[in-house]
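Data block below; observations after.
Computed from the coordinates by the stated procedures, all read-outs in this text should not be read as laboratory data. Note that this is a predicted model, so its numbers are computed, not measured. Here Cβ is always computed from backbone atoms with ideal geometry, including for glycine, and neighbour counts include all displayed protein chains.
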Amino acid sequence: MFTAPRFALIVMTLLGGVFLLIYASLGVAKPLATWNWMDIVGEGGTALMSALWVMLVLTSRPSGRVTTLLAGGLLAIALGAWVDSLDEFFAIPKTQVWDNWLESLLMPGGMLTLTAGLFFWRQEQFSLNNHMRKRERLFREHRAFDRITQLADADYLRRQIRLEQARSPDQPCALILLDVNQFHRINRQYGQAEGDRVLQAISHLLLLNLRSDDLLCRYAGDRFAVLMPATTQDDASRMAHHLELCVRLLAHHTQTHGERLWISVRVACAVADQDADKLLDRLNARLELGPPSALEMAAAA
């Protein structure tokens, strides 16, 4: 099975050879004295550089729509420049217009495809930048990250709760705790490495569904905490319900056997209107008692 870069190289080589054979068979070779070396260097160089960019894109990005559009556009541009350079070596009779159509389709088509790829790449970068902004508080503080999830720990969470309470004493601040159901079974059945992958997947999913000012921490083991500044109890309950639903819909597949793991979490939330330790103890007690989940509460309402 060919890798994407090798497949692209084969396609470029085959199509380049096909175009060369077409021009050689249907055209007339120009004398060496009539060759325009400026155009040959410019058009040939464009073809080579575009082909190089195709390989760089395919070897530096994951597969997907953006990568396909970027590589496809550059491939068409490379072939268009190659066709343009063949005009310098072969004369095509004026009665034949296929070469004009070939040149007119490859280059503009490649530019259009590349532009579409750049547009979606721009959206991709916005999403990644937003994801990184949600970690900005941790980067700025240069705190130690959890080795598995790259999130801050419970001590950092406690400090941030106190900081938010002191910073805006008249504004509500909410805290959500999420506990992964039956996580020990995942570790026991699939191994700790797979359990770590589950925690990483959940942390990324939660980050993507939080606001830029929210803080996500790995509180302990399979338990996560979300600190939400300027958030009421009702808003926190709605967010807890949303996060629980997101995790429930997560399609996580094991690395070894590709089995889908059905993951769910239990949640507890409250306004941070008391000492951080007492608040965390209260929410942990709710989770330990096994209160109804947000989805269960919504169904019963």
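Given Cα pairs under 8 Å that are at least 6 residues apart, what percent is the relative contact order of the chain?
Working: 376 pairs, mean separation 45.9, N = 301.
Here the relative contact order equals 15 percent.
Placing one equal scatterer on every Cα of segment 216-257 and applying the Debye formula, the log10 ratio I(q)/I(0) at q = 0.19, 0.28 Å⁻¹ is -0.74, -1.07.
For Cα pairs less than 8 Å apart in space and 6+ apart in sequence, what is the mean separation divided by the residue count of segment 4-133, i.e. the relative contact order in percent? Intermediate values should be presented prior to the final figure.
Details: 133 pairs, mean separation 40.5, N = 130.
Relative contact order for segment 4-133 comes out at 31 percent.
When each full DSSP H helix of the chain is screened for a Cα extent of at least 27 Å along its own axis and an average Kyte-Doolittle hydropathy of at least 0.0, the helices passing are 4-26, 37-60, 65-86.
Summing -39500 (n - 2.57) over the DSSP H runs of n ≥ 4 in the chain and dividing by its residue number, what mean residue ellipticity at 222 nm do you reach, to the nearest 500 deg cm²/dmol? It would help to have the intermediate numbers written out before the result.
Details: 11 runs with 187 residues, N = 301.
Calculated from helices alone, the mean residue ellipticity at 222 nm is -21000 deg cm²/dmol.
Reducing segment 47-64 and segment 200-214 to their Cα centroids gives an inter-centroid distance of 31 Å.
For segment 142-182 and segment 240-259, what is the separation of their C-alpha centers, rounded to whole Å? If we compute the Cα centre of each part, the gap is 23 Å. Normalised by 2.2 N^0.38 Å, where N is the number of residues, the C-alpha radius of gyration of segment 177-274 stands at 1.11.
Charges at C-beta only: +1 for Lys and Arg, -1 for Asp and Glu. How large is the resulting dipole of segment 136-300 about its Cα centre, in Debye rounded to 20?
On the way: 21 positive and 23 negative charges, 64 e Å.
Dipole size: approximately 300 debye.
Of Glu43, Glu103, the sequence from fewest to most neighbouring Cβ atoms within 10 angstrom is Glu103, Glu43.
Among Lys94, Lys30, the order by Cβ neighbours within 10 angstrom, fewest to most, reads Lys94, Lys30. The slack between Thr13 and Ser168, meaning 0.36 nm per residue of separation minus the straight C-alpha distance, is 49.4 nm. Within the listed set Ala270, Ala29, Ala174, the residue fluctuating most in the Gaussian network model of the chain (springs between alpha-carbon atoms under 10 angstrom) is Ala29.
Using just the Cα positions, wrap the chain in a convex hull and report its mean projected area in square nanometres, one decimal place.
On the way: hull surface 91.5 nm².
Average of the hull's projected areas for the chain equals 22.9 nm².
Taking a ≥ b ≥ c as the square roots of the eigenvalues of the alpha carbon gyration tensor, segment 1-46 is oblate, as a/c is not under 1.5 and a/b does not beat b/c.
Let me make sure I get this right: for segment 4-133, a, b and c are the square roots of the gyration tensor eigenvalues over alpha carbons, sorted descending. Under 1.5 in a/c it's rounded, otherwise prolate if a/b > b/c, else oblate. Which is it? In terms of gyration-tensor shape, prolate. You can think of it this way: the chain between Asp277 and Arg188 has 28.9 nm of extra reach, that is 0.36 nm per residue less the Cα-Cα gap. As a rough footprinting exposure proxy, the listed residues Phe126, Phe224 were ranked by other beta carbons within 10 Å of their own, and the order from fewest upward is Phe126, Phe224.
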